[in-house]
1. Given the options ILE140, ILE103, name the one that is touching a Gly at 6+ places or on another chain (Cβ under 8 Å), part of a loop (DSSP other than H, G, I, E, B) and open to solvent by less than 40 Å² (accessible area, probe 1.4 Å).
2. Among the candidates GLN75, GLN146, which residue alone is surrounded by 15 or more Cβ atoms within 10 Å (Cβ to Cβ) and at pLDDT 95 or above?
3. Say we look at segment 30-52 and pick out the residues that are open to solvent by 40 Å² or more (accessible area, probe 1.4 Å) and modelled with pLDDT under 95; which of these is farthest from the chain's Cα centre (by Cα)?
4. Please go through (1) in a helix (DSSP H, G or I); (2) in contact with a strand residue (DSSP E or B) (Cβ under 9 Å, 6 or more places away or on another chain) for GLN150 and return the number of the only condition it doesn't satisfy.
5. Name the single residue that is nearest to the chain's Cα centre (by Cα) among those in segment 62-100 being touching a residue at least 24 places away in the same chain (Cβ under 8 Å), part of a loop (DSSP other than H, G, I, E, B) and over 20 Å from GLN23 (Cα atoms).
6. Of all residues in segment 106-137, how many are surrounded by 14 or more Cβ atoms within 10 Å (Cβ to Cβ) and modelled with pLDDT of 90 or more?
7. Take GLY34 and decide whether it is closer than 19 Å to PHE153 by Cα and either in contact (Cβ under 8 Å) with a residue 40 or more places away in the chain or in contact with an Asp or Glu (Cβ under 9 Å, 6 or more places away or on another chain) (or both).
Amino acid sequence: MKNLDAKLIMHQFWMDRAIALAQEAGNLGEIPVGAVIVNKLGEVIATGVNRKERDRDPTAHAEMVAIREAARILQDWHLTGCSLYVTLEPCPMCAGAILQARISTLIYGADDPKTGSIRTVANLPDSPVSFHRLEAIAGIRERQCQELLQTWFQQLRN
């Protein structure tokens, strides 16, 4: 039981970091999604925020930014042994990149009822197109992640 508690505390710690990044993105006019990649030693390798508007790049999702940075830092596209923390369930593009990068564990906050491709709309990791087995953990700081997105979109509409 202690090991499970320690893991939950660790997941919450890193998700809090991803939430802080998401808030920064939201303050800059981007959809507030943040991502953190941690190696098996518990060290941050890379972070990312949505940058689609700033970069004028449809692929500049928080996960993609973090994956590119981690691969650059490690000088290897194999991110085996790394965990990715992200505030929102990845879309099909990001889910594909996560699988391609061989990330070991994905931890995310809120389900995405429109494009979630881990378990909500589609389940790419468990589909026949996936060659990599990804451990996926959902719902870490779910309420905070949902509220952040809902508040941001509400302010955008007003």
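The values are calculated or read from the model by the stated rules, or taken from the named source; none is laboratory data. Bear in mind the structure is a predicted one, so any value in this text is a computation, not a measurement. Cβ sites come from the backbone with ideal geometry, for glycine too, and all protein chains shown count toward neighbours. Surface areas here come from the heavy atoms of the whole protein model, side chains and all, with no ligands, DNA or RNA. Shrake-Rupley method; radii C 1.70, N 1.55, O 1.52, S 1.80 Å.
1. Among ILE140, ILE103, only ILE140 is touching a Gly at 6+ places or on another chain (Cβ under 8 Å), part of a loop (DSSP other than H, G, I, E, B) and open to solvent by less than 40 Å² (accessible area, probe 1.4 Å).
2. GLN146
3. Only one residue fits best here, namely LEU41.
4. (2)
5. Of everything passing the filter in segment 62-100, CYS82 is nearest to the chain's Cα centre (by Cα).
6. The total comes to 21.
7. yes
To keep it simple, each residue is scored yes or no on (1) closer than 24 Å to SER104 by Cβ; (2) in contact with a Cys (Cβ under 9 Å, 6 or more places away or on another chain).
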residue	(1), (2)
ILE19	yes, yes
GLY26	no, no
ASN39	yes, yes
GLU43	yes, no
GLY48	yes, no
PRO58	no, no
